[in-house]
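The values are calculated or read from the model by the stated rules, or taken from the named source; none is laboratory data. A quick note: this is a predicted structure, and the numbers were derived from the prediction, not measured. So basically every Cβ, Gly included, is an ideal-geometry build from the backbone, and we count neighbours across all protein chains shown. Just the protein is used for accessible areas: all its heavy atoms, side chains included, with ligands, DNA and RNA removed. Shrake-Rupley method; radii C 1.70, N 1.55, O 1.52, S 1.80 Å.
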Amino acid sequence: MLKTLTTDFQLDLETDVLVIGGGPAGTWAAWSAASSGARVVLVDNQTFQILKQMK
């Protein structure tokens, strides 16, 4: 488990839809928008931790 918050990185993303929260409603919203052709970014606290660990 990551114990410190890392803030020394940047993300440069272009999206049509930004969904905050990866629960059932957020996942459904992201999937629905993506299936209609939108560029979607889905972010929740687990996603943020994964992105931090990838740096």
Practice task
Consider only pairs whose beta carbons are under 8 Å apart and that are at least six residues apart or on different chains; among these, list those whose first residue lies in segment 36-47 and is farther than 10 Å from Gly26 by Cβ and open to solvent by less than 100 Å² (accessible area, probe 1.4 Å) and whose second residue is in a loop (DSSP other than H, G, I, E, B) and of a type in the set (A, V, I, L, M, F, W, C).
Solution key: Val41/Leu13
Problem - Boolean, Leu51 is in a loop (DSSP other than H, G, I, E, B) and either modelled with pLDDT under 85 or charged (D, E, K, R) (or both) - result: no
Practice task
Kindly indicate the residue of segment 11-29 that is in contact with a Leu (Cβ under 9 Å, 6 or more places away or on another chain) and under 12 Å from Asp44 (Cα atoms) and also most open to solvent (accessible area, probe 1.4 Å) among those meeting that condition.
Solution key: Ile20
